[in-house]
């Protein structure tokens, strides 16, 4: 199929793009990588009078470190993130998880901001932002605001962005030596959307889990935190889970599975997804603890 007719506009500055969003509102749609949007247009699942292509706005494509935060422009290609030494140094969870995103041609064109704004519940990046406690910078013609990733994702394909706003930057706290990270997902084939994926970020204090953030993707709802499991794990002895007693870890993983809003679909049953969550939570917590220990 072919998309419905639209007016194509390619601004070369951020201010021009924001002015266009202010002018056209709900009738406009941002085109970044286009890996998700173009199929939507072709199947006429979405129709827009104006398509605003932000690929020519060079000020939105960068990876830099400001001394405390890793800052990534919204139109930065996923492939650039995958091979970036800065990302590997300051946000290795993002670096590792990017390898799970679709296939190389998709990552070469796809953008981090496009993935986050699209908010597909099966996509990896929303869960990674939750696990990393990332901050997202949103702008309109009047100015900008910052929101936590926890507050950004509302539901399937839905964020807090309104019609005149554009996601312009992702800010990730630099990882510390006492932190460990892990991401695992299960998909039918390599490069497919995840049936379930789980990301973990832990902070150790003398072999005890001081903080933990767990996020899941692949469910019908938006990417979300597994807060019940986090509460069980917080304060637990890391050495026990790695070497001796898995009781706390098992309790946490079962709590994660029980709280998950899993549903049946063409690819997996809700029961199977809950089983995957229980399994993956145990794997990523063990791996994140090992990562933190190895990093010291």
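A few notes on this one:
- Looking across region 16-67, the residues that are touching a residue at least 24 places away in the same chain (Cβ under 8 Å), assigned to a strand (DSSP E or B) and under 18 Å from residue 117 (Cα atoms) come down to 28, 30, 31, 50, 51, 52, 53.
- Meets criteria (part of a helix (DSSP H, G or I) and more than 24 Å from residue 122 (Cβ to Cβ)) for residue 70: no
- Criterion (free of Cβ contacts under 8 Å to residues at least 12 places away in the same chain and not in a helix (DSSP H, G or I)) met by exactly one of 188, 206, 176: 206
- Among the residues making up region 159-183, a single one is out of contact with any helix residue (DSSP H, G or I) (no Cβ under 7 Å at 6 or more places or on another chain) and at pLDDT below 95: 176.
- Filtered by the rule that a residue be surrounded by 20 or more Cβ atoms within 10 Å (Cβ to Cβ), touching a residue at least 40 places away in the same chain (Cβ under 8 Å), at negative phi and not in a strand (DSSP E or B), region 209-232 gives 219, 222, 223, 226, 229.
- Qualifying residue in region 64-84 (condition: surrounded by 13 or more Cβ atoms within 10 Å (Cβ to Cβ), within 22 Å of residue 109 (Cβ to Cβ), out of contact with any helix residue (DSSP H, G or I) (no Cβ under 8 Å at 6 or more places or on another chain) and outside the structural domain of residue 125 (by TED's automatic domain parsing)): no
- Residue 138, sole failed condition from (1) more than 21 Å from residue 66 (Cβ to Cβ); (2) modelled with pLDDT of 95 or more; (3) surrounded by fewer than 22 Cβ atoms within 10 Å (Cβ to Cβ): (1)
- Residue pairs whose Cβ atoms lie under 6 Å apart, sitting 6 or more positions apart in sequence or on different chains, and linking a residue in region 270-296 that is farther than 15 Å from residue 251 by Cβ to a partner that is surrounded by fewer than 17 Cβ atoms within 10 Å (Cβ to Cβ), are 270/263; 270/264; 289/242; 295/177; 296/177.
- Given (1) in a strand (DSSP E or B); (2) crowded, with 20+ Cβ neighbours inside 10 Å, index of the condition residue 129 fails: (1)
- Residue among 92, 176, 146 that is surrounded by fewer than 23 Cβ atoms within 10 Å (Cβ to Cβ) and over 27 Å from residue 282 (Cα atoms): 146
- Single residue of region 151-173 satisfying the filter (outside any strand (DSSP E or B) and out of contact with any strand residue (DSSP E or B) (no Cβ under 7 Å at 6 or more places or on another chain)) that is nearest to residue 19 (Cα to Cα): 163
The values are calculated or read from the model by the stated rules, or taken from the named source; none is laboratory data. Computed from a predicted structure; not experimentally measured. Quick reminder, even Gly has a Cβ in these numbers, built from the backbone with ideal geometry, and neighbours come from all protein chains shown.
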